[in-house]
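Read through the structure below, which is laid out as structure tokens, and then see the notes.
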Amino acid sequence: MSGWGNGTYNESYTSFLLMGFPGMQEARVLLVLPFLSLYLVILFTNALVIHTVASQRSLHQPMYLLIALLLAVNVCAATTVLPAMLFSFSPRFNRVSLPRCLGQMFCIYFLIVFDCNILLIMALDRYVAICYPLRYPEIVTGQLLAGLVVVAATRSTCVVAPVVVLASRVRFCRSDVIHHFACEHMALMKLSCGDISLNKTVGLTVRIFNRVLDMLLLGASYSRIIHAAFRISSGGARTKALNTCGSHLLVIFTVYSSTMSSSIVYRVARTASQDVHNLLSAFYLLLPCLVNPIIYGARTKEIRQHLVALFQRTQQQGSTKKPPSLPLNRELPG
């Protein structure tokens, strides 16, 4: 611990112990297998859809590339959270330095905001595809998509950086134990011993402004998209457009409902145990990572067809590699 302030020595912790689910001190080792299994499922399902999009030239179109990018962000988010969570269950590997803690905090919130920004880009892509189908190829180009992704990453950095920078200036002298499985902002702020009203105000303002603006933009985009889809004369094209929008809206609902429910419960259910709050944090951080590849893999016709073909080829290859069965009645050599 180190730090000087106002001419007197002020202690401030520079490393912390992550205590994921502190109410289960003796049974935390039992959580390793389910969360490790969850991590492997997230990696497999997301990687499967990403591989399908990358390996099929017919899927090298803006909508499918954005889906693959969204799922890649899911993988990064799960990798930022779950390994640290698994280490927090062990008393030998659960200590984390302050710079590493702030780095994890930045990555978690950056990936959450970046995920929402990709959903905005996908809404713009569908808006142009359905409202201006004839001009879609000349409007939505690879160069435009790359520029929008850079803008999304820049916006995410600008939203998250002030929160992390303010957190880095706080003195932590109450304790060196974070009662959380990750360096979540408010879990770290609970250890502060100074005035953190500015941190709370900035964090809450940024979250509310960002969420409200995103939801207004998404609502405006998809209301126009759905209105234009119902005006399509071809029944097949109308169904395809509405089905695609349905998948995107389902993902949007999953992302925003999990985030908002966690925030509401955190501020309303003050009497709930820390383990309940931690479970809700895991819910909003990991649910989109688990559900998104299932939604896009099952509801997007082109991706689903390639996945079915991939499984069929795998089964055929497995059956051809089986050794021929020996005849039941064999004569002994004379």
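Among the listed residues 221, 257, 262, 281, identify the single one that is modelled with pLDDT of 80 or more, surrounded by 17 or more Cβ atoms within 10 Å (Cβ to Cβ), under 18 Å from the mean Cα position of the chain (by Cα) and polar (S, T, N, Q).
Testing whether each residue is modelled with pLDDT of 80 or more, surrounded by 17 or more Cβ atoms within 10 Å (Cβ to Cβ), under 18 Å from the mean Cα position of the chain (by Cα) and polar (S, T, N, Q) leaves just 281.
Out of 134, 166, report the one residue that is modelled with pLDDT under 90 and either assigned to a helix (DSSP H, G or I) or surrounded by 15 or more Cβ atoms within 10 Å (Cβ to Cβ) (or both).
From the options 134, 166, the qualifying one is 134.
Could you grab me the full set of residues in segment 61-76 that are outside any helix (DSSP H, G or I) and in contact with a Pro (Cβ under 7 Å, 6 or more places away or on another chain)?
none
Keeping to segment 77-94, report how many residues are of a type outside the set (Ser, Thr, Tyr), surrounded by fewer than 18 Cβ atoms within 10 Å (Cβ to Cβ) and either part of a helix (DSSP H, G or I) or at pLDDT 90 or above (or both).
2
Has segment 43-54 got any residue that is open to solvent by 50 Å² or more (accessible area, probe 1.4 Å) and either touching a residue at least 60 places away in the same chain (Cβ under 8 Å) or in contact with a Pro (Cβ under 6 Å, 6 or more places away or on another chain) (or both)?
no
Of everything in segment 174-200 that's assigned to a loop (DSSP other than H, G, I, E, B) and over 27 Å from residue 83 (Cα atoms), which residue is most open to solvent (accessible area, probe 1.4 Å)?
Once the filter is applied, the top-ranked residue is 195.
Keeping to segment 97-120, report how many residues are crowded, with 21+ Cβ neighbours inside 10 Å and over 15 Å from the mean Cα position of the chain (by Cα).
The total comes to 1.
Does any residue of segment 128-149 turn out to be under 20 Å from the mean Cα position of the chain (by Cα) and not β-branched (Val, Ile, Thr)?
Checked against the condition, which is being under 20 Å from the mean Cα position of the chain (by Cα) and not β-branched (Val, Ile, Thr), segment 128-149 yields at least one hit.
The values are calculated or read from the model by the stated rules, or taken from the named source; none is laboratory data. Keep in mind the model is a prediction, meaning the values are calculated, not measured. Please note: Cβ atoms are built from the backbone with ideal geometry, for glycine as well, and neighbour counts cover all protein chains shown. Protein only, heavy atoms only, side chains kept; ligands, DNA and RNA dropped before computing areas. Shrake-Rupley method; radii C 1.70, N 1.55, O 1.52, S 1.80 Å.
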